[in-house]
Amino acid sequence: MTSRVEMIIETLRAFPEQKFTAKELAQLFLKRYPAEIAEKSKNPRYSSKAGLVKQLAAEIGGERTAQAKTKCPNIQTRDKPRPRLYYWGEPDVEQAGDEVEDADADVEITTGQQALNEQALYPLLMDYCKADLGLFSRRIDERKSSNNKGSGANHWLHPDVVAMEPLDQSWDEAVRTCVRHGNHRAVKLWSFEVKKALTRGNVRKCFFQAVSNSSWANLGYLVATELHDGVERELQMLCALHGIGVLLLDVEDLFNSQILIPAKEKPDIDWESANRIVAENSDFHDYIEQVGIYHQTGKMIKTAWNKHN
């Protein structure tokens with residue numbers, strides 16, 4: 001049987017002029033190694049093609065890629081801008097080329113993302129949250145805020161997208177009832193601040209905007225479609241200090257989106273901060289109202305969630 005490491009090497013060798021995402025490599029594995037993949041598909045968790053491709057894509061990264069590089073120096077990866085690309089090349093020449101590409105990435109946004117403004121990213125993020133993270137999300141429109149405290153009073157107050165993660169969907173009804181009537185939580189609340197690209201010039205400003213806008217939530221994330229050269233190291237340091245996570249959104253293939261840095265979960269909601277936003281913004285008021293309905297009754301009003309406008 002061909003190992004995953006051998007699959008990576010053989011597949012990239014067969015397509016020396018192309019670069020692939022992990023998902024694209026996984027899809028090639030289905031065609032090139034039907035016997036090996038058929039064995040894996042016997043696992044009920046991977047019975048669907050989408051689930052199988054997702055698992056194969058996850059197996060391509062990490063230790064298997066490192067082993068492939070050790071075994072065959074022609075195995076190359078390009079990590080920035082994300083998503084990671086895998087390809088076959090001469091190490092010295094290809095690595096030098098990647099340095100030029102990374103330098104260019106700090107100047108302009110890639111073509112596929114250039115046509116999208118920040119507003120267009122919100123529904124994509126909501127679709128990803130629903131399909132991949134199992135969240136129920138809502139858009140928070142800052143234009144619906146009262147601004148009754150004057151100009152600038154609500155600066156860095158509103159998250160772009162918020163979400164609820166129900167924790168009790170698979171619990172027995174007896175347990176769900178106990179939780180609903182006890183002092184225990186049945187949900188986690190998420191907050192997202194969305195930016196097109198994070199550069200060395202804007203990364204700290206964007207990060208602390210996410211810190212401010214997400215201070216009330218269990219989990220807060222800064223979302224971007226692209227990280228420019230030198231930004232990830234800065235984010236790693238800031239996230240370690242402040243607990244905000246980073247989600248990289250792939251606008252051309254949501255499947256390849258990834259949580260680059262997991263958020264540090266806070267056990268309790270800051271209800272004082274949440275109340276401030278509720279008092280100012282009708283969208284956020286409706287969001288908290290729906291969270292309350294679910295927490296008290298266990299009923300999900302699905303028409304209230306995942307709306308793009």
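The values are calculated or read from the model by the stated rules, or taken from the named source; none is laboratory data. In this text, all values refer to a predicted model and were calculated from it rather than measured experimentally. We place every Cβ from the backbone using ideal geometry, glycine too, and count neighbours over all the protein chains shown.
LEU260 passes every criterion in (1) buried (at least 16 other Cβ atoms within 10 Å of the Cβ); (2) modelled with pLDDT of 90 or more; (3) among the hydrophobic types (A, V, I, L, M, F, W, C) apart from (2).
Listed by first and then second residue, the pairs linking a residue in region 285-301 that is within 20 Å of TRP216 (Cβ to Cβ) to a residue that is in a helix (DSSP H, G or I) and modelled with pLDDT of 85 or more, with Cβ atoms under 7 Å apart and 6 or more places separating them unless they lie on different chains, are HIS285/VAL278; ILE288/ALA274; ILE288/VAL278; GLN290/ALA304. Condition (residue is of a type outside the set (Asp, Glu) and in contact (Cβ under 8 Å) with a residue 60 or more places away in the chain) applied to region 26-48: is it met by at least one residue? No, region 26-48 contains no residue that is of a type outside the set (Asp, Glu) and in contact (Cβ under 8 Å) with a residue 60 or more places away in the chain.
Picking from residues in region 103-123 that are surrounded by 14 or more Cβ atoms within 10 Å (Cβ to Cβ) and within 18 Å of the chain's Cα centre (by Cα), the one that is modelled with the lowest pLDDT is GLN113. Taking the stated definitions as given, is SER212 of a type in the set (S, T, N, Q) and farther than 30 Å from GLY51 by Cβ? Yes, satisfied. Which number in (1) under 22 Å from ASP127 (Cβ atoms); (2) in a helix (DSSP H, G or I) marks the one condition that GLU252 misses? Among (1) under 22 Å from ASP127 (Cβ atoms); (2) in a helix (DSSP H, G or I), GLU252 violates only (2). Tell me, please, whether a residue that is assigned by TED's automatic domain parsing to the domain that holds ALA131 and touching a Pro at 6+ places or on another chain (Cβ under 6 Å) can be found in region 265-286. No, region 265-286 contains no residue that is assigned by TED's automatic domain parsing to the domain that holds ALA131 and touching a Pro at 6+ places or on another chain (Cβ under 6 Å). Return yes or no: is GLU226 surrounded by 15 or more Cβ atoms within 10 Å (Cβ to Cβ), part of a helix (DSSP H, G or I), in the same structural domain as VAL175 (by TED's automatic domain parsing) and in contact (Cβ under 8 Å) with a residue 12 or more places away in the chain? So GLU226 does not fit the description; no. Taking the criterion of being more than 20 Å from TYR128 (Cα to Cα), surrounded by 14 or more Cβ atoms within 10 Å (Cβ to Cβ) and polar (S, T, N, Q), the residues of region 276-306 that qualify are ASN281, GLN290. Consider region 191-208 and keep the residues that are more than 13 Å from VAL246 (Cβ to Cβ) and either assigned to a helix (DSSP H, G or I) or among the hydroxyl-bearing types (Ser, Thr, Tyr) (or both). The one that is modelled with the lowest pLDDT is THR199.
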